[in-house]
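Contents: one structure, followed by commentary.
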Amino acid sequence: AVPRTRILATGGASHNKTILQVLSDVFNAPVYTIDTANSACLGSAYRAMHGLVAERNVSLADVVKSAPKPRLAVTPTAGAEEV
């Protein structure tokens with residue numbers, strides 16, 4: 001089953017497994033990361049590309065199909081939702 005909520009963590013904190021685990025436990029959702037430096041810049045570049053092709057009815061989803069796939073970093077600790 002696919003979880004209804006998932007978190008995509010980027011930036012410096014995304015390299016700290018303890019922080020990711022806290023996020024996962026608090027939100028009771030799996031946390032994913034991408035192995036891309038400067039992920040904010042990458043997102044901006046995809047939005048700019050979308051702006052260039054938007055008049056041809058190309059969706060943002062189509063533009064980001066080539067984006068790096070997120071990888072599962074952590075899952076919620078069993079029983080964390082009860083805390």
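For region 20-55, list residues with backbone N below 12 Å from a point placed 7 Å from the Cα of Asp62 toward its Cβ? The answer is 50, 53-55. Spin-label pair Leu42-Leu8: with each label point 7 Å from Cα along the Cα-Cβ axis, the two points sit 0.9 nm from one another.
By how many degrees, 0 to 90 and rounded to 10, does the Cα axis of helix 17-27 deviate from the longest principal axis of the chain? Helix 17-27 sits roughly 90 degrees off the main axis of the chain.
Between Met49 and Phe27, the simple spin-label model (points 7 angstrom out along Cα→Cβ) gives 2.4 nm.
Backbone phi angles across region 76-82, fed through the Karplus curve with coefficients 6.51, -1.76 and 1.60 (θ = phi - 60°), yield HN-Hα couplings of x, 5, 4, x, 4, 5, 7 Hz in residue order; Gly and Pro are listed as x.
The long axis of helix 39-53 is offset from the longest Cα principal axis of the chain by roughly 30 degrees. Its Cα centre serving as origin, region 7-74 has a Cβ charge dipole (Lys and Arg +1, Asp and Glu -1) of approximately 100 debye. Based on protein heavy atoms only, region 7-74 ends up with 66 Å² per residue of surface accessible to a 1.4 Å probe. Across all C-alpha atoms in the chain, the radius of gyration and Dmax reach 15.5, 50 Å. Less than 5 angstrom separates the built amide H of Thr77 from those of Asp25, all sequence-distant by 5 or more or on a different chain.
For Tyr32, the residues 5 or more places off, or on other chains, whose built amide H falls under 5 Å of its own are Ile7, Leu8, Ala9, Ala73.
The values are calculated or read from the model by the stated rules, or taken from the named source; none is laboratory data. Since we're looking at a predicted model, the values are computed, not measured. Every residue, glycine as well, gets a Cβ built from its backbone with ideal geometry; the counts of neighbours run over all protein chains shown. Ligands, DNA and RNA are excluded from the accessible area calculation, which covers all protein heavy atoms including side chains. Shrake-Rupley method; radii C 1.70, N 1.55, O 1.52, S 1.80 Å.
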